[in-house]
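First the structure, in the form of structure tokens, and then the observations on it.
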Ligand code: ADP
Ligand code: ADP
Ligand code: ZN
């Protein structure tokens with residue numbers, strides 16, 4: 001199963017990826033997570049990406065395209081993959097297409113999660129994540145059992161870019177650079193539009209039903 005999760009920041013891509021990993025036994029490829037790891041480790045790529053990420057802008061296409069190309073060739077992607085947060089520009093989508101053609105693989109679905117902007121801001125400001133295992137939570141919509149603590153026992157943190165000014169900038173970047181991909185994949189006939197405003201479990205079931213039908 002080769003999937004893309006498409007949607008604005010806060011749409012629920014990471015949340016739904018967790019279910020898809022379990023259901024299909026395929027890895028999540030989150031460019032955001034990979035870039036944050038590079039920033040933390042202080043690699044040359046991390047140094048390049050840091051400022052873009054902090055301001056809410058996109059990291060240059062060639063940087064992310066390079067990471068994804070390498071990642072898709074790793075053995076655990078043999079059964080499939082879930083791209084989360086990539087592609088985000090038409091140039092990235094074209095590069096992905098070229099890479100998949102080369103590998104002789106296609107896409108089984110591009111899942112577009114649709115969520116209103118006001119809801120996105122509320123989701124992102126209340127988002128918390130585990131710095132150890134990467135699991136995501138929401139203070140109101142998906143709270144941890146023990147306050148501020150992951151089920152693995154680690155204290156939860158808030159991402160630096162999940163603050164209101166940066167959120168507005170990221171949403172603008174989404175509208176300008178990523179939204180055109182909806183039409184891109186509609187033309188390729190691989191688009192599955194899902195109402196991301198519903199509850200987490202309902203969205204999960206709707207995605208599952210659409211993938212089974214397809
Ligand atoms: P993305 O990966 O698309 O940026 P996340 O999966 O991290 O989004 O979700 C953003 C925040 O919204 C998280 O705190 C998550 O717990 C919460 N969330 C995700 N899906 C829903 C939903 N359907 N309803 C309410 N909150 C949600
Ligand atoms: P969210 O789903 O909440 O928008 P991500 O974790 O996917 O957040 O991305 C965080 C940041 O990492 C983005 O704002 C951007 O700076 C950078 N980034 C992630 N994926 C890409 C990509 N495909 N192209 C360019 N920049 C990216
Ligand atoms: Zn954890």
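Per residue, the average separation of C-alpha pairs within less than 8 Å and at least 6 apart gives the stretch 62-214 a relative contact order of 28 percent.
Quick check: from the Cα gyration tensor, does the stretch 144-214 come out rounded (a/c under 1.5), prolate or oblate? Don't skip to the answer; put the middle values down first.
Details: a/c = 3.22, a/b = 1.32, b/c = 2.45.
The shape class here is oblate.
Packing, as the average of other Cβ atoms within 10 Å across residues, places the peptides 98-104, 157-163, 42-48 in the order 157-163, 42-48, 98-104, highest first.
Taken along the Cα-to-beta-carbon direction at a fixed 7 Å, the label points for residue 118 and residue 187 span 3.5 nm.
What shape does the chain take by its C-alpha gyration tensor, where a ≥ b ≥ c are the square roots of the eigenvalues and a/c under 1.5 counts as rounded, a/b above b/c as prolate, and the rest as oblate?
rounded
Helix content alone sets the calculated 222 nm mean residue ellipticity of the chain: runs of n ≥ 4 DSSP H residues at -39500 (n - 2.57) each, divided across all residues, give -14500 deg cm²/dmol.
Shown is the FRET efficiency for residue 154 and residue 23, computed with R0 = 22 Å from the Cβ-Cβ distance and rounded to the nearest 0.05: 0.30.
Each DSSP beta bridge with both residues in the stretch 71-214 is either parallel or antiparallel, and the antiparallel ones are about 55%. Reported to the nearest whole Å, the Cα centre-to-centre distance from the stretch 129-176 to the stretch 36-53 is 19.
Which ordering of 113, 58, 211 is given by a fewest-first count of other beta-carbon atoms within 10 Å?
On the way: 113 23, 58 20, 211 17.
Neighbour counts put them in this order, fewest first: 211, 58, 113.
Site pair residue 62 and residue 212 shows an inter-label distance of 4.7 nm when each label is modelled 7 Å from Cα along Cα→Cβ.
Bear in mind these aren't lab numbers, they're just calculated from the coordinates by the rules spelled out. Fair warning: this is a prediction, and the values are worked out from it, not measured in the lab. No Cβ is skipped: glycine too gets one built from the backbone with ideal geometry, and neighbour counts run over all protein chains shown.
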